[in-house]
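The values are calculated or read from the model by the stated rules, or taken from the named source; none is laboratory data. Computed from a predicted structure; not experimentally measured. Every residue, glycine as well, gets a Cβ built from its backbone with ideal geometry; the counts of neighbours run over all protein chains shown. These accessible areas exclude ligands, DNA and RNA; they are computed on the full protein's heavy atoms, side chains included. Shrake-Rupley method; radii C 1.70, N 1.55, O 1.52, S 1.80 Å.
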Amino acid sequence: MVFLSDFPDNRSGGIFVLCRATRRRWFSGQMVYAAGVCISYLVILTVAGMLWIRGTGSFSVQWSPYMTEIQNTAPELYAISGEYFLMSSTLMQGTPVSVLMAGGGLQVLYLAVIFQVLCAFRLAGKKKAGLLFCIAVTVLGAASVSYFGKLKWLFPTSHAVFGEHFHEFFAQPEMTPGWSVVYFAGLNLLLGILNICLVRNCQIGDGKE
């Protein structure tokens, strides 16, 4: 959804509003829009998941036996359907609500980075290059989770996956989620400073890509 969006929108269609706002206010508005998209996206996924199991499941603040017991009661089924279960490293870190909030927060910070990268390339007049860069980072980040070992922590994708922070069989974390928050905060701060510098010289309404 992020990659297909026309973000940020600096075409002449909004020039009537832009004439009455500074470039910094325009950029702030784009960031508010990005935050709204991030949060709305996660809310839609959560609500859709709840509606999908409506009538066939139940709601609880504890993990269900489906997640906690099936590995012992039906190991052969678990072995061939691992993608349908959360990792034990995730289940051990709190209740469904706390894990959902922590994981959702990391996802919002990750999407904020993607939006700011897209914004920087767009303001520099390199929209298509920005899309390709974000796609490449996302694909490499996804691959790093399985194949790059500790180098995976160089990519924002790994920091956005809550379960990757904890060892699958031991209680100690591989990477404390707090450090991922610092990682994302640092990236967003640097990208924000870069975008503020770029927006001073951009031509809003020129439609350049």
Original post:
Among the residues of the range 67-80 satisfying the criterion of being under 25 Å from Val97 (Cβ atoms) and either of a type in the set (Val, Ile, Thr) or within 27 Å of the chain's Cα centre (by Cα) (or both), which is least open to solvent (accessible area, probe 1.4 Å)?
Top reply: Ile70
Subject >> Selected residue (criterion: nearest to Leu109 (Cα to Cα)) from residues of the range 41-62 that are open to solvent by less than 60 Å² (accessible area, probe 1.4 Å) and modelled with pLDDT of 80 or more >> reply: Leu42
Original post:
Within the set of pairs 6+ apart or on separate chains, which have a first residue in the range 134-151 that is on the phi < 0 side of the Ramachandran plot, a second that is assigned to a helix (DSSP H, G or I) and of a type in the set (Lys, Arg), and C-beta atoms under 8 Å apart?
Top reply: Gly141/Lys152; Ser144/Lys152; Val145/Lys152
Original post:
What number of residues within the range 156-177 satisfy the criterion of being farther than 14 Å from Thr90 by Cβ and either hydroxyl-bearing (Ser, Thr, Tyr) or open to solvent by less than 40 Å² (accessible area, probe 1.4 Å) (or both)?
Top reply: 5
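Determine if the range 116-124 includes at least one residue that is charged (D, E, K, R) and open to solvent by 30 Å² or more (accessible area, probe 1.4 Å). Write out each step before concluding.
Within the range 116-124, the first condition is being charged (D, E, K, R), and the residues that meet it are 122.
Next, from what is left, pick out any that are open to solvent by 30 Å² or more (accessible area, probe 1.4 Å): none.
No, every residue in the range 116-124 fails to be charged (D, E, K, R) and open to solvent by 30 Å² or more (accessible area, probe 1.4 Å).
Please give the helices (runs of 4 or more DSSP H) falling wholly within the range 34-149 in which 1 or more residues are touching a strand residue (DSSP E or B) at 6+ places or on another chain (Cβ under 7 Å) and under 17 Å from Ala160 (Cα atoms). Even if it seems obvious, please write down each step before you answer.
Values: elements: 65-68, 70-73, 75-80, 88-91, 96-123, 127-147.
It comes to 88-91.
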